[in-house]
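Structure record follows, encoded as structure tokens.
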């Protein structure tokens with residue numbers, strides 16, 4: 001377990017944290033639209049197919065946000081292009097004034113889907129949080145669209161942001177970089193979970209902030225959120241961190257979900273799965 005971020009709060013490992021929340025606060029997803037939250041790594045066909053279905057097909061207007069990365073790669077090399085999407089537009093700036101302009105957000109006003117690439121979370125915060133761009137992202141969901149994000153693009157979708165520090169991505173809690181876009185409320189999201197041995201990194205965060213639901217995703221794995229529920233798709237697993245869960249029989253302060261599992265974010269429990277959003281009913 002990493003200790004670096006704890007020094008920011010003067011909390012020693014094993015100390016009893018002080019919090020103003022005795023019990024958890026109900027988490028929730030977007031009232032309309034859909035989210036796809038991806039744990040990084042290779043994005044498999046099942047995830048890309050679900051994104052296409054929720055966006056309305058491969059010809060849907062899609063906005064790609066590469067801002068978390070250090071460079072902006074050509075769109076012809078993007079996974080969405082290789083998958084067959086035909087109408088892709090880059091949306092990128094490091095200037096908050098530009099991000100707050102009507103001209104910059106024009107593409108978002110007609111987009112059916114948005115894809116937020118990985119990189120470093122703080123770049124997304126510095127460029128977009130509190131601007132017209134963030135507002136138009138909300139409006140994509142309000143119109144029934146889909147927002148997907150991988151790695152940093154996954155974490156930014158929660159209300160509480162982890163790994164946002166400019167100094168490095170091993171710092172879990174960084175003052176000034178603790179607010180995400182909030183598509184998932186009262187939720188903190190981590191990624192690359194098993195691949196980078198991060199399974200325990202959310203444990204002290206949720207201990208300090210028990211009002212939060214923690215969701216950790218391994219690579220090539222995603223949750224598809226509709227309303228206050230999600231389903232798991234992809235090749236690996238998703239960890240759930242909940243102070244009400246405590247410690248399991250295996251001694252771990254989290255438990256696993258896998259592809260095919262569904263989860264109620266507000267009730268914080270597994271549930272039966274409804275037919276996937278964007279899927280077609282069986283032919284008669």
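Read-outs: derived from the displayed coordinates by stated rules, not from any lab. These numbers come from a predicted model, not from an experiment. Ideal geometry is used to build each Cβ from the backbone, glycine not excepted, and the neighbour counts take in all protein chains shown.
Express the relative contact order of the chain as a whole percentage, based on alpha carbon pairs under 8 Å and six or more residues apart in sequence. Don't jump to the answer; show the numbers that get you there.
Details: 667 pairs, mean separation 66.2, N = 284.
Across the chain, relative contact order equals 23 percent.
Were the residues from residue 70 through residue 98 laid out at 0.36 nm apart, the gain over their Cα-Cα distance would be 8.2 nm. A helix-only calculation puts the chain at -4500 deg cm²/dmol for mean residue ellipticity at 222 nm, using -39500 (n - 2.57) for each DSSP H run of at least four residues, averaged over all residues.
Arranged from highest to lowest average of other beta-carbon atoms within 10 Å per residue, in what order do the peptides 45-53, 221-229 appear?
Details: 45-53: 19.2, 221-229: 23.9.
Final packing ranking: 221-229, 45-53.
Centroid-to-centroid, using Cα positions, the range 239-266 and the range 181-208 are 12 Å apart.
Measure nothing fancy, just the Cα-based angle from helix 132-142's long axis to the longest principal axis of the chain, in degrees from 0 to 90, nearest 10. Long axis of 132-142 versus the principal axis of the chain: about 80 degrees. If the segment from residue 77 to residue 200 were pulled out straight at 0.36 nm per residue, it would be longer than the present Cα-Cα gap by 40.9 nm.
Is any residue of the range 86-108 close enough, with backbone N under 15 Å, to a label point placed 7 angstrom from the Cα of residue 135 along the Cα-Cβ axis, and if so, which? Within reach of a label on residue 135, which here means backbone N under 15 Å from a point 7 Å along Cα→Cβ, the range 86-108 contributes 97-108. Packing, as the average of other Cβ atoms within 10 Å across residues, places the peptides 197-206, 117-126 in the order 117-126, 197-206, highest first.
Placing a label point 7 Å from the Cα of residue 268 along the Cα-to-Cβ direction, the residues of the range 27-56 whose backbone N falls under 20 Å from that point are 27-30. What is the helix-to-structure angle for 45-55, meaning the angle in degrees between its Cα long axis and the longest Cα principal axis of the chain, kept from 0 to 90 and rounded to the nearest 10? Helix 45-55 sits at roughly 60 degrees to that axis. Starting from the 7 Å offset along Cα-to-Cβ, what nm value, one decimal, do you get for the label separation of residue 89 and residue 49? About 3.0 nm, to one decimal.
When the alpha carbon coordinates of the chain are projected onto the principal axes, the ranges are 53, 53, 30 Å, largest first. For the peptides 266-275, 59-68, the ranking by mean Cβ contacts within 10 Å, running from highest to lowest, is 59-68, 266-275.
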